[in-house]
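Following: one structure in structure tokens, then a few remarks.
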Amino acid sequence: MRDDSEDDGITPDLLLQAYMSGIFPMAEGRDDPELFWVDPRRRGIFPLDRFHISRSLRRALRRPDHSVSFDRDFTGVLDGCADRAETWINDEIARLYEALFDRGQAHSVEVWDEDGVLIGGVYGVALGGAFFGESMFSRRTDASKIALAWLVDRLNLASFSLFDTQFLTHHLASLGAIEVPRAVYHAQLSEALLLNANFAAVGPQDVDGLLARHDARAARERG
């Protein structure tokens, strides 16, 4: 796969170095060819032991009208995330993350309906024990929440310690995400990068196991 991003100096290796330094790229819009680096003063993260599965999400996870996969259609998830009126995913962003996926350093979670149509998903970058969530989309109620629940379960199984969401939204906060100061985030990132988590090495997951592990973590959190 040709890496056209090298034409203006941004390479996949530079992008990974940026993540390790705590910054990430965005574009002003789909048609803006330029990228800029972001290092928020307050960072959104998901504490991996506090992801919240509500009763409605639990029912959605158990519904037989969908299936979930990992790294099966990274391009489809990327396109789904960009398929909105306003997006920071331009052609440059797409090329860079496709290149990282080809190298096994970016990953996706896909949610499919009964007819095999992609209805939701999330993608991000894995480095050491840190997962940097980039974007998610949903074409059916709860599809992105389902993708996040499966992603959090996989990150826990693979011994990741940091799930970076970049910014905190009301939607993410309802699922357990929090905001931390930049210095706290950078300290957590430094520790996470020392780990050797492996996103792709996790065995088969099923919804019963996912919910049992979630409930066990919730019980420990309650003390």
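For the range 3-78, which strands (runs of 3 or more DSSP E) that fit wholly inside it have 1 or more residues that are farther than 18 Å from His107 by Cα and open to solvent by 40 Å² or more (accessible area, probe 1.4 Å)?
36-38, 42-45
Taking the range 91-150, which residues are closer than 15 Å to Phe70 by Cα, hydrophobic (A, V, I, L, M, F, W, C), open to solvent by 10 Å² or more (accessible area, probe 1.4 Å) and assigned to a helix (DSSP H, G or I)?
Selection gives Phe101, Trp150.
Looking only at the range 212-223, which residues are open to solvent by 80 Å² or more (accessible area, probe 1.4 Å) and either assigned to a helix (DSSP H, G or I) or among the polar types (S, T, N, Q) (or both)?
Result: Arg220, Glu221, Arg222.
Which of the residues belonging to the range 193-211 are surrounded by 11 or more Cβ atoms within 10 Å (Cβ to Cβ) and small (Gly, Ala, Ser)?
Correct list: Ala197, Ala200, Gly209.
The values are calculated or read from the model by the stated rules, or taken from the named source; none is laboratory data. As the structure is a prediction and not an experimental result, all values here were calculated from the model. All Cβ positions, glycine included, derive from the backbone under ideal geometry; neighbour counts span all protein chains shown. Side chains included, ligands, DNA and RNA excluded: accessible areas come from the protein's heavy atoms. Shrake-Rupley method; radii C 1.70, N 1.55, O 1.52, S 1.80 Å.
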